[in-house]
Structures are given as structure tokens and as C-alpha cells.
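Report on the structure given below.
Read-outs: derived from the displayed coordinates by stated rules, not from any lab. Bear in mind that the values here come from a model prediction, so they are computed numbers and not experimental data. Positions of Cβ are generated from backbone atoms using ideal geometry, with glycine treated the same way; all protein chains shown enter the neighbour counts.
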Amino acid sequence: MARMIWRSTVFIHRYLGVAVGLLMLVWFVSGIVMMYVPYPDITGKERLQTLNPIPWGSCCSLEAQGVAVDEPIRGAQIAAIAGEPVLFLRPDGRPPRLSSLGPSGPSLDVDQAKADAVIAQAAPRILGSTMKPVLRESIERDQWTVGEVGAGNRPLFHYVFDDSARTHIYVSSTSGEIVLYTRGWQRFWNWFGSVPHWLYFTELRKDGAVWAQVIIWTSIVGGFLTALGLYLGIAQIKANRRGRFSPYGGWFYWHHITGLVFGIVTLTWVVSGTFSMNPWGFLESEGGDERIRVAGETLSWSALRTSIDALKQNAPRSAVRLSAAPLDGKLFWIAYGADGSEMRLDAEGLPVSVTPTDLQGAAQRLARDSTIESQEMMMGEDAYYYDFSVAERGDAPPFPAYRVVLNDAEHTRYYLSPETGQLLRTVDANGRGSRWLFSGLHRFDFFAWLRVRPLWDIIVLALLLGGTAGTGTGVYLAYKRIKRDLGFKRRRVAPPLRSEA
């Protein structure tokens, strides 16, 4: 019976290796590429660099907006599209709306002409020179906008330039802002990195539910294959009575050795990749009303309109975006510069700081019926609020940060900006689980010293190369097995008969 179980285990491992071994090899090789070329994206600060200062001279047509004076407002943003001041308004419980604050308002349609004007102003800052696109088109999605970048922005206006970097730029038809630009070298290397690693092929990825299930189940099968391989590898050492570490020779020997040495890392990478998809809600944090609790009561349109009138006189002339940042029911604004700078303004448009009382009040509103375990100003990183922008696209989290830890069942953590009063991050029990079971295991960012390059590169690259060796030898052995099973053996040809003299 034991021998039958052993043979069955070997059989399953062998043919699972034939089925998914090549995919696992692709995961390792593409992971090496992703260390240096992440999937195309632009950070929040890079997006600000594409914007022009708000043209207050042609602002602000407020009476024409057609909003009831007592309309409750949850969010508001002022920016410029093609030289025209615009308002992005988020009424409470209603869909957001984009309108013009200029003389042509309030109706605003981001059409091809508007997108052309956006490109004419922003492209020189992206390209470093003035040139016209060689192609412009309206698309629903392509390889680089099939995911989150395109969500809520479709259709997209796509522009192709014949510059040395072969730049592509995408403009949202809903916000009028540039949501992505890519370079030729990024697109090239991503075909060997993120695209095969995430199975991010357009036709598959455009159906998010199907794509997620494919990723989940292939990674589960890959994890099962790796676990079987570890079991067989360790069992062979124990069963070997000849005093040798491995009973195998040739390619089987190297597959055995690399599998044993790097098998645990391979297993943790595959399993943590499964966790990244939050299968069946596992480790998925529930979206709460934390930001609403920090903001307090909704604002009325009349209060917002009065404030915008004052902003026209007092707001910084260099600001490219103003975002409402209410705190405890009072209206404040964050003025963003093209260089990524931030300035907090009061309802009159004058600079104002966040006070310790403001932060303590926000902490109490976040806690509600729970008690506060601790609250303190954090000058550096902790285990859940840290910078990993060295290895992936994204703005570094701002410091200092005001950390609030609740004494609730999940020991929920909140991080607030002492500069703006805004909620920066929430970490509950599932968030902590995701931090260790996905981020820690998959990105090897357990400690601050591990996140320093080139040390991080050396460790992760060595592990990836070891995993590549283990899966690569397995793929080669699978290839040989397929040849043998399908009868693709080189036939021996009998030598010709000697002619008789």
C-alpha cells in the first residue's frame, strides 16, 4: 500500500510538472525582470507634473452650476483642463460630476478636441520637446490600460509620438487628465516581466473575474506541485542508505538539489502570490467609513461656493489642483503644486496648520466606541507604514505620520498626516495578515534593512535564480518525459548489409 501511494505521488508530481512547470519557470524569470522594470504606471506626483496652474482669471462661474444651495457635498476638486478651470464635485449619495468653471460652463465634454489641447500643453513636459503625435485615437483598452489605469477613465484618448523613447500618452475621457504615459523600453521589457508573470494578456485581463480565477487556481496548482516535490525530495534523502545526499544522477540530481535548497522559498512565493488575489475574500479588508469619520459632517454647496469665491482671490497662483479636505465638519483645502508640494488652506484660501487638538479629535472620531490604545507622532517607518518605492512604482509615504492604535478586537491602526489632517492608511487584522503573508513573503520586505538596495537586489536575485534553476531543471525533465511518452525516440537504423563479393 505504501509503495502504491509513493508511486502515485511520484506520478502526480511528474505530470503536474509537465502541466504547470513551464508556467512556474516563467514566473521566476519574469520576476527577475520585474525587479527592475515594473508595470507601466505614473505616480501621483508625476500626474501633477502634467497639469497646468489653475487659470483663476477665467474662474469662477458658480451660479451656473445648477447645484441646490443645501446640496450635501462629500468631495470637491478644482483643476484645469486645456486652459479651462474645472470642478469635480462628489455629492453625498450621488454620482460625481465634472463641470466647467469658465465662461463656457457648466457643461463640459472631454472630446477629442479637448484631449488634443491637453496633450498640446502637457506633452512637452513629458517628452522634453515640442512635437506632434504621429497617431491619435480613441480606445477602450489596450495592453497597458486593461487594468486599474483604465477603470473609470474609458474611453481613453491614445497618442503615439515618434520621439527617441517612442512615448505613448493616454488621456481620460472622464477627467480630462493624463492617466498614463509609457516608454518603448518599458513596453518591451514588460513582455518579459509583468505581462507573463500576471498573465496580463488583454483578452484575459479585460474580464477581471475570469482572470482572477485563472491566477488563483494556477498558483494553487503550482503550490501543490511544489509541496509534493519537497515531500519527495526529503523522503528520498531519508530513504537513501548509500550515504549519498541524493540517489539521483544527471539532471535528476540537480533538480533534486535545487528543489531542496530553494523549495521552501518557491512554495512561499507561489502561496503568497495566491494570497495577493485575496481568494474568496481571504485577507480582504472591509472598506469602512473611516475617511467620512475624519471629515465629519457633509458640507453644503453654499459653503463650498462661498469658499471658492475666496479661493479666487487668495489661493496660490502656482497651484495645479485644489482638493477639499474637510476636517470635523469644517472646510479646508489642499493646494498641490506641479512639483508635488502641498499646502493646507482654510475656507478663505489662507495657509493654516493642523493642530494637535485636530489630530486628537480625528483619533476620537475614528475610535468611536472603542478606546485608544496609543497615539503618537511617528518620525520613521514601522512594520505597516513604510517605503517600498525603491522596488515598485509609487510615491513614498509622507513623514512624519500620526499613528493611532485602537484597543478593539483587531487592534486597528490609523495613520494621519499632521500636515493635512487626512487619513493616509488603515491597517486592520486582514491588513496585517496581507502585509506578512503577501508583501513580506512575496517581496521580501520584512525589515527596513532588507529594503535597502543593493542588499535587497542581491538576496532576492539569488533566490530567484535558485528558483529558476529548480523549475528549469524540472521543465527539462518534463520535456524529456513528454518525448518518451509520445514515442519521440530516435530510432536506430540498422547498418546496410554488405554486398557479397
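Values computed for the structure shown
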| read-out | value |
| --- | --- |
| Of the GluC sites (Glu not before Pro) in the stretch 118-176, those whose Cβ has at most 16 other Cβ within 10 Å and which sit in DSSP loop | GLU140, GLU148 |
| Placed amide H near GLY102: partners under 5 Å, 5+ positions off or other chain | SER61 |
| Total charge dipole magnitude, the chain, about the Cα centre, Cβ charges on Lys, Arg, Asp, Glu only, Debye to nearest 20 | 3700 |
| Formal net charge of residues neighbouring ASP457 (Cβ-Cβ distance under 15 Å; K, R +1; D, E -1) | +1 |
| Extended-chain gain in nm, criterion 0.36 nm per residue less alpha-carbon gap, SER138 and ALA235 | 29.0 nm |
| Distance (nanometres) between label positions extended 7 Å along Cα→Cβ at PHE188 and GLN313 | 5.7 |
| Residues of the stretch 415-453 with amide N under 20 Å of the 7 Å Cα→Cβ point at MET379 | 415-420, 448-449 |
| Fraction in percent of alpha-carbon pairs per bin - 5 Å, the stretch 399-467 | 3, 15, 16, 17, 18, 13, 9, 6, 2, 0 |
| HIS255, HIS197 arranged by Cβ crowding within 10 Å, fewest neighbours leading | HIS197, HIS255 |
| ALA448-GLU148 FRET efficiency (beta carbon distance; Förster radius 22 Å; 0.05 resolution) | 0.20 |
| Placed amide H near GLU71: partners under 5 Å, 5+ positions off or other chain | TRP301, SER302 |
| Unit charges on C-beta of K, R, D, E only; dipole of the stretch 257-392, Debye | 520 |
| HN-Hα J in Hz across the stretch 21-30 - Karplus 6.51, -1.76, 1.60, θ = phi - 60°, x for Gly and Pro | x, 5, 4, 5, 4, 4, 4, 5, 5, 5 |
| Relative frequency of Cα-Cα separations exceeding 12 Å in the stretch 132-183, percent | 58 |
| Orientation-averaged projected area, Cα convex hull of the stretch 117-211 (nm²) | 6.1 |
| Hydrodynamic radius (Kirkwood) for the stretch 192-303, which is based on Cα pairs only, to one decimal in Å | 18.1 |
| Mean projected area in nm² (Cα convex hull; one quarter of hull surface) for the chain | 35.7 |
| Under 26 Å between alpha carbons - lysine pairs in the chain that sit 8 or more apart or on different chains | 7 |
| Order of ILE126, ILE237 under a 10 Å beta carbon neighbour criterion, fewest first | ILE237, ILE126 |
| Integer Hz, Karplus 6.51/-1.76/1.60 couplings in order for the stretch 45-52, x for Gly and Pro | 5, 5, 5, 4, 5, 8, 8, 9 |
| Where trypsin sites (Lys or Arg not before Pro) in DSSP loops with at most 12 other Cβ within 10 Å are excluded, longest remaining stretch of the chain | 1-240 |
| Point-charge dipole on Cβ atoms (K/R +1, D/E -1) for the stretch 235-324, about Cα centre, debye to 20 | 640 |
| Equivalent ellipsoid semi-axes, the stretch 283-390, via Cα gyration tensor eigenvalues times 5, rooted, Å | 28, 20, 14 |
| GluC sites (Glu not before Pro) restricted to DSSP loop in the stretch 207-304 with at most 16 other C-beta within 10 Å | GLU284, GLU286, GLU297 |
| Residues whose placed amide H lies under 5 Å from that of ARG321, excluding near-sequence neighbours | TYR336 |
| Backbone HN-Hα couplings from phi across the stretch 94-103 [Karplus 6.51/-1.76/1.60, Hz, Gly and Pro as x] | 10, x, x, 9, 10, 9, 8, 9, x, x |
| Residue among ILE459, GLY152, LEU423 farthest towards the positive dipole end of the chain, charges placed on Cβ | ILE459 |
| Lys/Arg +1, Asp/Glu -1 at C-beta; the chain dipole; positive extreme among LEU345, PRO40, MET1 | MET1 |
| Cα-based convex hull volume of the stretch 16-120 per residue, rounded to whole Å³ | 194 |
| Between helix 455-485 and the chain: long-axis angle, C-alpha atoms, 0 to 90°, nearest 10 | 50 |
